[in-house]
Amino acid sequence: MANDGCLAALPRFLAALMGTSREPSVDDYYLRDDWMSPAELSFHHVLRSAVGDRLTICLKVSLGDLIYASHPDRGKALGLMNRIDRKHVDFLLCDRDTLRPLAGIELDDASHRQARRQERDRFVESVFRAVGLPLLRARARHAYNVVEVAALVEGVLGAEAPQPAPSTAAP
C-alpha cells in the first residue's frame, strides 16, 4: 500500500464513529510519514556532523527500553514502569563500541511551554538524574550550528565527548 500519510486513515476513523467499523487487522497499520519533525531531522544531521562516528546516535528511544524500575512490591514496580513506559527522549548518545548510553537529548519546541509538558519534563529529568545520565536540552529551530551542538555535547560529556578526529595529513 502506498504511504498516503496520516490522512489516509480518516475514512476508517469516520466509519468507526458512524458504527460501521470492522474487526481490527494488521491491514490497519501504516508507516508514519511524520515520525520525525523537521526540527528533529535538522538537529539529527547537525548532531551527526558534530559527533561523527565517535558516538552512536539513537532516535526516539523509549524510556521503558532504556530504564527499568525495581521495587520489592511488584505492583509498585509495575506502577513505576508505567510512569515511564510511554515516554521517550528525542536522541540518545551512546558509546560507539559498547552502545552504553551516555546522554539523552530533548528538543524543546513550543509544546514545552505548556504546564503539563513542563511537569513531564521535570519528571523525565529527575529519572535521568536518578540513573546517572545527563539529559541535554536544546531549543527546537529550523537550523542548528555544528559548533554549538558539539559544544553542548562536550559540555556535558566532558572526557567522553567526541574529540576531533586526528589529522592524517603529514606535518
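For the reader, a short list of remarks on this structure follows.
- Under 5 Å, built H, 5+ apart or other chain: amide partners of Asp109: Ala140
- For Ser37, residues with placed amide H under 5 Å, excluding near neighbours: none
Every read-out reported here was derived from the displayed coordinates using simple, explicitly stated rules and does not represent laboratory data. Since this is a predicted model, take the numbers as computed values, not measurements.
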